[in-house]
Amino acid sequence: MSAKPALHAVVLAGGAGTRFWPLSRQARPKPLLQVGAGRTLLSETLLRARRIAGPGRIWLICGAAHAAAMRRAAALPKQRVLVEPRMRSTAAAIALAAHRIAREDPHALMAVLPADHRIPDTAAFARAMRRAAAAAASQGEPLVALGVRPTRPETGYGYIRLGPPLAGHAQLHRAARFIEKPNRARAQRYAARRDYLWNAGIFVWRARAILEELRQFAPAIARALAPIGRANARQLPAALQRAYRRAPSASIDNAVLENSRRVACLPVEFAWSDLGAWLALAENLGVRPNQSRVLRGEALLHDAGGNLICGADRPIALLGVHGLAVIDAGDALLVASLDRSDEVRAITTRLRKQRRRNLL
């Protein structure tokens, strides 16, 4: 066995991103949104992936509805784009990638990178991932999760409570507990303490190690996806259809990480944002009470600070309003309080009930 196993990067891009409506649609998912410097979230994630994984070791997992657009945008070899027949959350997606990687290299490591994050300091990210990979390849083969120091009491993120230091590994701790999105009071307590970190959803582990834990803690998912590891390229499409019909939907956090005793956490200090809603993007782009930002198009602003504006083919004028997301997609216009932008999903739910598929 190699002393330094190969590291593969798996980019998860299966979500539709309904809270970024009206720009994000079924045919134009959130990872393909441009978020600054002319790059999409997907292209930024792939740039980070290339900092840690060599040629031929980058994988993309996406849904069938936008597979063609994702393939064009990613420009990866065909066999490195894995298309899920239906949405089954992250546990099935990670099992799928782990099986295909382990089939090629039983000793390989895999890094899991969601495609809707912003991490400006790619060098710091790469250093942290190298530390995580070294730990994941060590004795005991821990599952390593990155934890970000909270900068505010965020209710939209999950948290990891740090346990004792992991013997033999500087900076790593046992993961004592995973907490789903807390209420405001709990988030304020967590942000004030040093032993609670944001769960970044970025992981490093051996492919075989996560498959072992799935077999123990999520046997239904493990059984459904097991044939994927035996299928050749010709058999894979049919095997995927059968697997995803049988597999239950569960996040990797709920299915494995909340139950496994092999999970370690690496605290990181670099700036990170999970762009779950327009407010998160606004904060990431520097929107402040006296500072608006224009993501795209032309905006005329008078006494209008703290807004995020994205235009289409017409100018947008704001007068005497503050703290808004004004998002013009051409065929639909969203005007929402940034503080309530995580509720945009209610709009898409209503459109779905009205069968307004042209707007979804």
Is at least one residue of the range 149-169 buried (at least 18 other Cβ atoms within 10 Å of the Cβ), assigned to a strand (DSSP E or B) and hydrophobic (A, V, I, L, M, F, W, C)?
-> yes
Does residue 263 count as open to solvent by less than 50 Å² (accessible area, probe 1.4 Å), under 24 Å from residue 119 (Cβ atoms), within 17 Å of the chain's Cα centre (by Cα) and at pLDDT 95 or above?
-> no
Which condition number in (1) at pLDDT below 95; (2) closer than 27 Å to residue 238 by Cβ is the one that residue 92 fails?
-> (1)
What residue, of 275, 240, 285, is touching a strand residue (DSSP E or B) at 6+ places or on another chain (Cβ under 8 Å), under 28 Å from residue 81 (Cβ atoms), of a type outside the set (Lys, Arg) and modelled with pLDDT under 95?
-> 275
Note on residue 182: of the conditions (1) at pLDDT 95 or above; (2) surrounded by 19 or more Cβ atoms within 10 Å (Cβ to Cβ); (3) not basic (Lys, Arg), unmet is (1)
Flagged in the range 32-48 as open to solvent by 10 Å² or more (accessible area, probe 1.4 Å) and either polar (S, T, N, Q) or assigned to a loop (DSSP other than H, G, I, E, B) (or both), in numbering order, are 33, 34, 36, 37, 38, 39, 40, 43
Among the candidates 250, 282, 277, residue that is closer than 25 Å to residue 117 by Cα and open to solvent by 20 Å² or more (accessible area, probe 1.4 Å) | 250
Within the range 213-240, of all residues that are of a type in the set (Gly, Ala, Ser) and not in a loop (DSSP other than H, G, I, E, B), the one surrounded by the fewest Cβ atoms within 10 Å (Cβ to Cβ) is 238
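So that you can scan it fast, the table gives a plain yes or no per residue for (1) among the charged types (D, E, K, R); (2) more than 29 Å from residue 220 (Cα to Cα); (3) open to solvent by less than 40 Å² (accessible area, probe 1.4 Å):
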{"residue": "50", "(1), (2), (3)": "yes, yes, no"}
{"residue": "55", "(1), (2), (3)": "no, yes, no"}
{"residue": "72", "(1), (2), (3)": "yes, yes, no"}
{"residue": "75", "(1), (2), (3)": "no, yes, no"}
{"residue": "78", "(1), (2), (3)": "yes, no, no"}
{"residue": "83", "(1), (2), (3)": "no, no, yes"}
{"residue": "89", "(1), (2), (3)": "no, no, no"}
{"residue": "92", "(1), (2), (3)": "no, no, yes"}
{"residue": "122", "(1), (2), (3)": "no, yes, no"}
Can you tell me which residue in the range 128-143 is nearest to the chain's Cα centre (by Cα), limited to those that are assigned to a helix (DSSP H, G or I) and under 15 Å from residue 200 (Cβ atoms)?
-> 129
Consider only pairs whose beta carbons are under 6 Å apart and that are at least six residues apart or on different chains; among these, list those whose first residue lies in the range 324-339 and is of a type in the set (A, V, I, L, M) and whose second residue is assigned to a strand (DSSP E or B) and open to solvent by 40 Å² or more (accessible area, probe 1.4 Å).
-> 326/335
Considering every residue within the range 304-318, establish whether at least one is open to solvent by less than 20 Å² (accessible area, probe 1.4 Å) and on the phi > 0 side of the Ramachandran plot.
-> yes
Using the structure shown, decide if residue 202 is open to solvent by less than 10 Å² (accessible area, probe 1.4 Å), of a type in the set (A, V, I, L, M), part of a strand (DSSP E or B) and on the phi < 0 side of the Ramachandran plot.
-> yes
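The values are calculated or read from the model by the stated rules, or taken from the named source; none is laboratory data. Since the structure is predicted, the reported quantities are computational estimates derived from the model, not experimental observations. As a convention, Cβ positions derive from the backbone with ideal geometry for all residues, glycine included, and neighbour counts pool all protein chains shown. In case anyone asks, the SASA skips ligands and DNA or RNA and just uses the protein heavy atoms, side chains included. Shrake-Rupley method; radii C 1.70, N 1.55, O 1.52, S 1.80 Å.
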